[in-house]
Structure formats: C-alpha cells, structure tokens
1. Run the helix sum for chain A: -39,500 (n - 2.57) per DSSP H stretch of 4+ residues, divided by residue count, reported at 222 nm to the nearest 500 deg cm²/dmol.
2. Quickly estimate the mean residue ellipticity at 222 nm for chain B, helices only: each DSSP H run with n ≥ 4 gives -39500 (n - 2.57), and the total goes over all residues, rounded to 500.
3. For A:F117, list long-range residues whose amide hydrogen, built 1.01 Å from N in the peptide plane, is under 5 Å from its own amide hydrogen.
4. Can you work out the base-10 log of I(q)/I(0) for the range A:62-109 at q = 0.17, 0.28 1/Å, using the Debye formula on its C-alpha atoms alone?
5. According to a simple spin-label model (label point 7 Å from Cα along Cα-to-Cβ), what is the distance in nm between A:L23 and A:F89?
6. Using θ = phi - 60° and the Karplus relation 6.51 cos²θ - 1.76 cosθ + 1.60, list the HN-Hα couplings for the range B:64-72 in order, rounded to whole Hz, with x at every Gly or Pro.
7. With a Cα-only, solvent-free Debye model of chain A, what are the log10 I(q)/I(0) values at q = 0.15 Å⁻¹?
8. Angle check, please: helix B:97-110 long axis (alpha carbons) against the longest principal axis of chain B (alpha carbons), in degrees 0 to 90, nearest 10.
Amino acid sequence: MNMSASGKRSWNWSLWTGFLFALAGFFSYTFFAQFPLTRDFPWANLLLFAIGGILLLLGLFRAFGKPKVYRGKILGPILAVLGICMFGFFSYVFFYVLRQVPASTGAPRVGQKAPEFTLSDQDGKDVSLHDLTSKSKAVALIFYRGFW
Amino acid sequence: MRSFQQRVQELESRGIQVVAISVDPPDINRRQRQKLGYTYTFLSDPKAEVIRRYDVLHPGAGPKGTDIARPAEFLVDSSGTIRWVNLTENIAVRARPQQVLEAFEEGKQTVPQ
C-alpha cells in the first residue's frame, strides 16, 4: 500500500470519538460522584462507555469492512482493546474493589444504646457522646475513612 | 461529607447535630475543616477505639495498611438510642442528608414519649 493510496482513505472519526468517549467514561467518575444519582450507580460513566463502544465498533466495521474507504485497520483494534481495558478496570474498581467493605455485623442496631465515647474535636477539646446528645434532639454520627 | 455541609443549617435547625469521626488527628481535622469550609464537628479517633466499638473498622484499608473506619452513619436520639443506621456496601456510596432527615422525622412519629 503506497502513500497516495492511504492518503485518499477517509479519516475513521468514529474510532477516535469512540475512544474519547471511553476515556471520558474512565476519568469522569470523580466529577459525577458529586451528584447522588450518578454516584450511587455510575450511570453516566456506563453511558459514556456504551457510546464509546458503539462508535468503536462502527469504526472497526468501517476499517475492516471498507478498508479502501476508511483507515484504522491497525489503530482500530488498538483503540478498541484500550477501550475494553478501561471499561474492565472501571467495572472492576466500582463493582468489586469499592464493595470490599467489612460486614460490620456487630455494629449497634436500631433501638440499642449507642456506645458512649469521648474523643478530641478539631481544637483538641474532649467531646463525649453524652455532651452531644444532651445538647440536641439527635446526633448524626458520620464515620468516614479519613486520610484526606 | 460535602452534602452534609450543604444542608447543615437545615439539619441543625431541626435539632440534628452532625459529627464526623475518623482516625485523623485533630490538627488534620482542623486544617481540612477550614480548607473545605466545614462547620460541623470533627472528632478524632486515632487508635480507632470508638470505631472498633461501633464495629465499623476497615482493617488495613488505610495508607500502608493502617486500620481506618469504613463509611457508616448512625442517628442517635437525645436518650442515646440508635434511631437509624446506614452501613453502605460500596465505599463510594454514602448516606445523604435527606436520609437522615427522613429517619429523624420517622423517629419523631414512632417515639411519642
């Protein structure tokens, strides 16, 4: 295949846009995590991956089905494999790694007394659960991972 | 955490105090709280004693395999009784202020005394 022949073939845009959608799906979770709907289940990311997948597939069909019209016989499979890897890694993290949470079967249940405690607040001042509950109608205790 | 800050006034106006607990030391809590503009209380449990007492320890999940808290939320009423518990199955999915407000309102109805 000589240079002039390859130069005449059209740019396989759907391969590249498909790959960009996959990239967006991979990297955009921190953005979508700001909204409860797209944080609790990664709808937006999966949608981006789906669009990316369709475009990549279309690009592959063009590259291999009409190789005289479209480019991408080499790059197409590479981008597609990268896209699949990103989707696989994203799914692995979201649906497996992030779900490795201890069962906490011994956590206090509704109706039980909350275990009393005294801890230092952000100013180093001791605060007990009793201090907190005696000053308000209810206390929302939010345990979080820390190490920001 | 951010979502609770966004609705902290609404929560506090109903008498619900928001308290965050982690293994982070007080100075980190003070700095982060200031930096991120949080106004509710941050408690420090560096040895994870209270975290263990509530069975919300995530062993080895912190940097260099340190023990940290898993995300978990409890609503405790003024008598010290647990009214609502949220133990997520996904680290990325945390309780929302709306859930706490709803649990609080429900609790008011079911506990007349």
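Just so you know, all these numbers are worked out from the coordinates, no wet-lab data involved. Note that the coordinates shown come from a computational prediction; the quantities given were computed from them, not determined experimentally. Backbone-built Cβ (ideal geometry, glycine too); neighbour counts: all protein chains shown.
1. Numbers: 7 runs with 81 residues, N = 148.
Computed mean residue ellipticity for chain A: -17000 deg cm²/dmol.
2. On the way: 5 runs with 41 residues, N = 113.
Computed mean residue ellipticity for chain B: -10000 deg cm²/dmol.
3. Sorted by chain and number, the residues that satisfy this are A:L129, A:H130.
4. The Debye formula, applied to the Cα set alone, gives -0.66, -0.94.
5. Label at A:F89, label at A:L23, 1.4 nm between them.
6. Computed from phi, the couplings for the range B:64-72 are 6, x, 6, 7, 10, 7, 7, x, 7 Hz.
7. Cα-only, vacuum Debye calculation for chain A: -0.89.
8. 40
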